[in-house]
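One structure is given below, encoded as structure tokens.
The values are calculated or read from the model by the stated rules, or taken from the named source; none is laboratory data. Every value quoted in this text rests on a predicted model; they were computed, and no experiment measured them. Here Cβ is always computed from backbone atoms with ideal geometry, including for glycine, and neighbour counts include all displayed protein chains. Areas reflect the complete protein model, heavy atoms only, side chains present, ligands, DNA and RNA absent. Shrake-Rupley method; radii C 1.70, N 1.55, O 1.52, S 1.80 Å.
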Amino acid sequence: MVHSKVQAVTERIIQRSEETRAQYLAQVEKAHIEGRATAHLSCGNLAHAIAASPEKDKQLIVSGRGPNLGIVTAYNDMLSAHQPYGLYPPRLKEAAARHGATAQVAGGVPAMCDGVTQGRPGMELSLFSRDVIAMSTAIALSHDVFEGAMFLGICDKIVPGLVIGALAFGHLPSIFVPAGPMPTGLSNAEKVRVRQLYAEGKVGRAELLEAESASYHSAGTCTFYGTANSNQMLVEIMGLQLPGSSFVNPGTGLRDALNEAAVAQLAKITEPSQHTPIAKILTEKTFVNGIVGLLATGGSTNHTLHLIAMARAAGIQITWQDMADLSEVVPLLCHVYPNGTADINHFAAAGGMQLLMSELLEAGLLHGDVCTVLGDSGLESYCQDPFLNESGDGVVWRPTAKESGDTTVIRPVSDPFSHHGGLQLLEGNLGRSVIKVSAIKPEHLKVKAPAIVLHNQDELLERFKAGELERDFVAVVRFQGPQANGMPELHKLTPTLGVLQDRGFKVALVTDGRMSGASGKVPAAIHMSPEAVEGGPIAKVRDGDIVELDAEAGVLRVLVDETELHARELAQCDLSNSARGMGRELFANMRAIASGAESGASILY
């Protein structure tokens with residue numbers, strides 16, 4: 001039986017979304033075509049679509065005997081997680097042929113790496129790249145020659161963008177095909193130690209680069225539990241990829257066999273008797289399952305934006321309050337860096353997604369009666385581990401272990417790391433924000449200290465180097481929202497604030513910008529809404545104001561007389577440095593129309 005709070009939140013979402021969901025499903029029904037898509041093309045349309053295809057593919061497509069599958073790829077070889085995708089299209093095409101189908105690369109989408117752009121001007125394009133990816137996906141599929149679609153993407157804004165784009169073609173059966181994490185490198189504890197030594201000036205750039213290169217050392221996703229691996233958790237728990245496929249390393253036999261199985265399954269669910277479009281999979285219950293997974297694992301705060309944007313693409317209205325209410329009953333079951341020292345490979349070895357979902361289902365915290373890429377079999381099928389078959393060229397699934405292989409990484413619902421989920425909603429006279437509490441020690445959940453007001457992260461770093469921050473304070477970093485400068489991640493602040501916290505000072509961050517999925521031990525109230533450029537109260541905070549952040553009570557406020565606060569003039573900021581250069585001038589219109597953080601920080605919905 002589903003937990004009463006989970007059921008209540010789900011029903012609330014269904015009621016709130018009744019009109020928009022009906023409109024979306026009507027649009028999906030209108031786009032659905034009986035029979036093969038290519039049968040509805042003119043001869044000229046069809047000739048263009050297959051002109052470069054091998055002769056056998058031409059014949060199969062023209063005959064209509066098998067489905068034609070579109071591949072939308074985010075491949076580039078600068079982004080380590082996506083480098084393996086360079087080899088995927090020919091292999092997926094070969095697999096399609098073995099299963100009576102054809103496959104074509106429908107198009108590519110951009111894939112930027114937040115790890116490369118952290119603290120750089122290019123980071124101001126990062127969040128908007130999600131909506132560009134969604135639009136690029138739509139362009140790729142707009143040729144209307146496919147019966148199903150495969151999506152090759154893993155990282156940060158890429159998966160949410162692909163999901164949004166896929167939902168614009170909700171009538172198509174769709175499957176996500178991951179590439180997996182890189183093998184374990186330098187331990188996370190050692191990486192953090194070297195970063196903080198560098199922030200203190202105790203080691204040089206050579207030592208820092210050596211440590212970073214030992215951490216990020218090969219093809220595959222970064223091994224910490226940031227946005228990329230949170231994406232993989234989400235698409236698996238939401239039934240968009242095969243069970244157990246998220247965290248299998250690239251270049252392994254099991255990875256190749258799972259890719260083959262994904263093609264076979266997609267071909268299967270395109271057939272009329274088993275037709276399973278993505279609109280049928282991504283329902284209100286499915287999005288609640290995604291939120292529960294995010295909370296139970298202490299996943300990336302970026303998904304407090306992305307889940308809202310993805311849901312809206314399906315006509316579903318979810319809110320931060322929904323997330324906060326679920327967080328009251330969903331326990332934190334996982335400690336994966338930055339919430340602990342283990343990496344994502346350790347998580348997978350300790351039981352991974354299969355044990356996590358088994359625990360959540362047994363506790364009634366997931367809706368098991370949902371549709372997935374496996375059809376209507378529900379989430380019980382996702383409590384199985386994939387293995388190579390005896391011949392080594394296929395996949396078999398077996399029931400997962402009933403107990404954690406390492407309770408420092410995954411715990412049962414009966415003995416969680418915390419009885420509260422990994423995210424918290426903060427409210428007060430500064431507006432509303434979210435905070436990731438899963439990595440914060442109890443003694444740091446409450447901070448009351450004078451504000452230091454900054455308009456960019458470099459100001460704080462300069463003041464730290466000048467020795468001006470050896471005290472308790474709350475850094476208020478504003479004019480970092482979507483309309484101001486595209487809402488960049490401010491992860492560059494983490495080592496510095498961490499050093500000060502380790503020195504015994506009470507420190508916290510309040511910002512209308514974002515933190516990375518790697519945000520950790522320092523309390524950070526992020527996504528402050530309304531943002532400063534919209535006239536949010538954060539624009540009225542002054543140096544020396546006492547700011548209270550209480551993550552236990554869900555309170556964030558400035559301790560200033562309300563009449564005085566209301567009467568204060570809004571601070572102004574020269575944003576011209578964010579208006580041009582590094583391509584930012586091309587995104588001026590997007591900044592102007594972006595919605596607020598609580599609406600997903602999107603230009604689309």
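Just a few scattered comments:
- For region 121-131, the candidate set comprises residues that are over 15 Å from residue 600 (Cβ atoms) and among the hydrophobic types (A, V, I, L, M, F, W, C); within that set, the residue that is most open to solvent (accessible area, probe 1.4 Å) is 125.
- Boolean, residue 111 is surrounded by 23 or more Cβ atoms within 10 Å (Cβ to Cβ) and of a type in the set (A, V, I, L, M, F, W, C): yes
- If you filter region 541-560 down to residues that are among the charged types (D, E, K, R) and either part of a helix (DSSP H, G or I) or modelled with pLDDT of 95 or more (or both), you find that the one that is most open to solvent (accessible area, probe 1.4 Å) is 542.
- Being open to solvent by 20 Å² or more (accessible area, probe 1.4 Å), of a type in the set (Val, Ile, Thr) and under 24 Å from residue 486 (Cα atoms) is a condition met by no residue of region 197-204.
- Per-region count, region 132-163, residues in a helix (DSSP H, G or I), closer than 18 Å to residue 28 by Cβ and open to solvent by 10 Å² or more (accessible area, probe 1.4 Å): 1
- If you go through region 575-594 and keep only what is small (Gly, Ala, Ser), within 13 Å of residue 533 (Cβ to Cβ) and at pLDDT 90 or above, you end up with 592, 594.
- Considering only residues in region 386-402 that are out of contact with any helix residue (DSSP H, G or I) (no Cβ under 8 Å at 6 or more places or on another chain) and of a type outside the set (S, T, N, Q), the one that is most open to solvent (accessible area, probe 1.4 Å) turns out to be 390.
- Here residue 422 clears all of (1) touching a Cys at 6+ places or on another chain (Cβ under 9 Å); (2) open to solvent by 10 Å² or more (accessible area, probe 1.4 Å) except the condition numbered (2).
- Of the helices (runs of 4 or more DSSP H) contained entirely in region 164-281, those carrying at least 2 residues that are modelled with pLDDT of 90 or more and over 16 Å from residue 343 (Cβ atoms) fall at 227-237, 253-269, 278-281.
- Residue within region 66-74 that is out of contact with any Gly (no Cβ under 7 Å at 6 or more places or on another chain) and open to solvent by 30 Å² or more (accessible area, probe 1.4 Å) present: no
- The single residue among 519, 599 that is closer than 30 Å to residue 201 by Cβ and either open to solvent by 20 Å² or more (accessible area, probe 1.4 Å) or at pLDDT below 95 (or both) turns out to be 519.
- Screening residue 116 against (1) open to solvent by 40 Å² or more (accessible area, probe 1.4 Å); (2) in a helix (DSSP H, G or I); (3) touching a strand residue (DSSP E or B) at 6+ places or on another chain (Cβ under 7 Å) leaves a single unmet condition, (3).
- Only one of 133, 158, 164 that is under 18 Å from residue 70 (Cβ atoms) and either in contact with an Asp or Glu (Cβ under 8 Å, 6 or more places away or on another chain) or among the aromatic types (Phe, Trp, Tyr) (or both): 164
- Of the residues making up region 406-419, just one is open to solvent by 10 Å² or more (accessible area, probe 1.4 Å) and either assigned to a strand (DSSP E or B) or closer than 25 Å to residue 505 by Cα (or both), namely 418.
- Restricting the first member to region 447-464 and to residues that are free of Cβ contacts under 8 Å to residues at least 40 places away in the same chain and open to solvent by 20 Å² or more (accessible area, probe 1.4 Å), and the second to residues that are among the β-branched types (Val, Ile, Thr) and assigned to a strand (DSSP E or B), the beta-carbon pairs closer than 8 Å and six or more apart or on different chains are 456/477; 463/452.
- Among the residues listed as 194, 177, the single one being free of Cβ contacts under 8 Å to residues at least 40 places away in the same chain and open to solvent by less than 30 Å² (accessible area, probe 1.4 Å): 194
- For region 27-59, residues that are within 22 Å of residue 175 (Cα to Cα), open to solvent by less than 80 Å² (accessible area, probe 1.4 Å), free of Cβ contacts under 8 Å to residues at least 60 places away in the same chain and assigned to a helix (DSSP H, G or I) total 1.
- Residue check, residue 96 touching a residue at least 24 places away in the same chain (Cβ under 8 Å), among the hydrophobic types (A, V, I, L, M, F, W, C) and touching a helix residue (DSSP H, G or I) at 6+ places or on another chain (Cβ under 7 Å): yes
- Restricting 212, 271, 207, 236 to those that are closer than 28 Å to residue 388 by Cα, open to solvent by 30 Å² or more (accessible area, probe 1.4 Å) and among the acidic types (Asp, Glu) reduces the list to 271.
- Scanning region 1-26 for residues that are more than 25 Å from residue 325 (Cα to Cα) and either open to solvent by 80 Å² or more (accessible area, probe 1.4 Å) or free of Cβ contacts under 8 Å to residues at least 40 places away in the same chain (or both) returns 23, 26.
- Contact map, region 527-549: first residue over 14 Å from residue 560 (Cα atoms) and of a type in the set (S, T, N, Q), second residue open to solvent by 10 Å² or more (accessible area, probe 1.4 Å) and part of a helix (DSSP H, G or I), Cβ cut-off under 8 Å, separation 6 or more or different chains; pairs are 529/598.
- Of the residues screened, residue 368 is not one that is of a type outside the set (Asp, Glu) and over 27 Å from residue 336 (Cα atoms).
- Subset of region 386-399 [within 16 Å of residue 257 (Cα to Cα) and not in a loop (DSSP other than H, G, I, E, B)]: 386, 387, 388, 395, 396, 397, 398
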